[in-house]
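Taken together, the values in this text are just the output of simple stated rules run on the coordinates, not laboratory data. None of these values were measured; they are calculated from a predicted model. Reconstructed Cβ throughout: ideal geometry from the backbone, glycine too, with neighbour counts over all protein chains shown.
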Amino acid sequence: MTVEELKKQLKLLGAEYAKIKTLPPEDRKTFGEEINKKKQALLKQIAEVEAAAESADITKIDLTAPFPVNAEYKTQKFGTKHPLSAEIDKIIDIYSHMGFNVIESRQLDDEFHMFDSLNFSKGHPARDGYDTFRTEEGFIPPAHTSTMQHRALKKYKKDLENGGNIAVVIPGRVFRNEDVDATHEHTFYQCEGVFVSKTATLGQMLGVLKHFFEVYYGEKLRIKTQPGYFPFTEPSLEILIEKPKSLGGKGDGWLELLGGGMIHPNVLKAAGIDPTKYKGFAWGGGIERLVMMKYKLNDIRYFESGKLDFLEEF
Ligand code: DAH
């Protein structure tokens, strides 16, 4: 019997009490005792049923059952690495195998690292070409990973002095005040590369990059350059790769993926490296484009969207 049914009986019993008055006085005592007994029995039963229901709740959880206990747990979702983080790991891996060190870029920088240390003269129009954000205090969320070149040169300068080279790649998040559409984001990722030695050449740079792209896309491909302009390299190049055949390339489509060149002597000098003794090359470019092409994605905005159905595909 349920608690509700028992309580109903208890109520009916209450109505029985009223009958006492109608009985002859000699019968009233026995009648009253009788009803009282029934009442006590009912109260006891109610207490028992309630206690049983309570303990049943606790024993629903079987602590000895193997995990997952029930369907509720089976539908639980576990997070995964963001596709960009996963690709950046792969990129770093390829460069590490070639002997490059890795340092991470930062998300807040200053005028000196964004422009001055990179040989942008004061008031040079190229300073306007980067759609740079600025905080009220004048800090700059970096518009490219080249802001790290000066730090990287200084950090590894001692390797040069000890007869070695500087070889470092710098992945990082960058920000530009751009109108957002399927191919433009205000927040995206770049990877920078810096190499300095006594004998660095552009040929070496192109060898490094060709190898990088071939490993990243898993096939042989051609690479070519065209003239470019950056204040921090001389000469400056734009670097293009042949669209990989596995992604529909037929040997005639070229994709411009990187900027690069020989590090300008003023950039070396600013970091305390003698440009008459040492030469360097540097390059940099966006990461999303590489990844979008690899996975045939058509909208850059997915990366920063936090959309689960996109993220779950990786
Ligand atoms: N920072 C440049 C950009 O975002 C790309 C670049 C060009 C990087 C030349 C370099 C370089 O290191 O040498 O457009």
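Can you sort D299, D109, D62 from fewest to most other Cβ atoms within 10 Å of each residue's own Cβ?
Ascending number of Cβ neighbours within 10 Å: D62, D299, D109.
Return the Cα extents of segment 241-314 along principal axes one, two and three, sorted largest first, each rounded to a whole Å.
Sorted largest first, the three principal extents are 53, 34, 15 Å.
So how do F112, F281 line up by other beta-carbon neighbours within 10 Å, fewest first?
Placing the least packed residue first, the sequence is F112, F281.
How large is the helix-only mean residue ellipticity at 222 nm for the chain, computed as the sum of -39500 (n - 2.57) over DSSP H runs with n ≥ 4, divided by its residue count, in deg cm²/dmol to the nearest 500?
-12000 deg cm²/dmol
Mind sorting D27, D252 by how few other Cβ atoms lie within 10 Å of their own Cβ, fewest first?
Details: D27 10, D252 7.
Ordered from fewest to most neighbouring Cβ atoms within 10 Å, D27, D252 come out as D252, D27.
To test your reading of the geometry: what angle, between 0 and 90 degrees and rounded to tens, separates the Cα axis of helix 149-161 from the longest principal axis of the chain?
With both axes taken from Cα atoms, the answer is about 60 degrees.
Based only on Cα atoms, what mean projected area does the convex hull of the chain have, in nm²? List each step's numbers first, then the result.
On the way: hull surface 123.9 nm².
Dividing the Cα hull surface by four gives the mean projection, 31.0 nm².
Return the loop-located chymotrypsin sites (Phe, Trp or Tyr not before Pro) in segment 116-194 (DSSP other than H, G, I, E, B) with at most 16 other Cβ atoms within 10 Å of their own Cβ; answer none if there are none. Write down the numbers at each step before the final one.
Values: sites: F120, Y130, F133, F139, Y156, F175, F188, Y189; in loops: F120, F133, F139.
Answer in residue order: F133, F139.
Answer with one residue from L118, A167, S105: the one whose Cα lies farthest towards the positive end of the charge dipole of segment 90-188, charges on Cβ with Lys, Arg +1 and Asp, Glu -1.
A167
Rounded to the nearest 0.05, what FRET efficiency do N162 and T199 have when you use their Cβ-Cβ distance and R0 = 25 Å?
FRET efficiency, N162 to T199: 0.95.
So, with +1 on the Cβ of K and R and -1 on the Cβ of D and E, and no other charges, what is the size of the charge dipole of segment 216-268 about its Cα centre, to the nearest 20 debye?
260 debye
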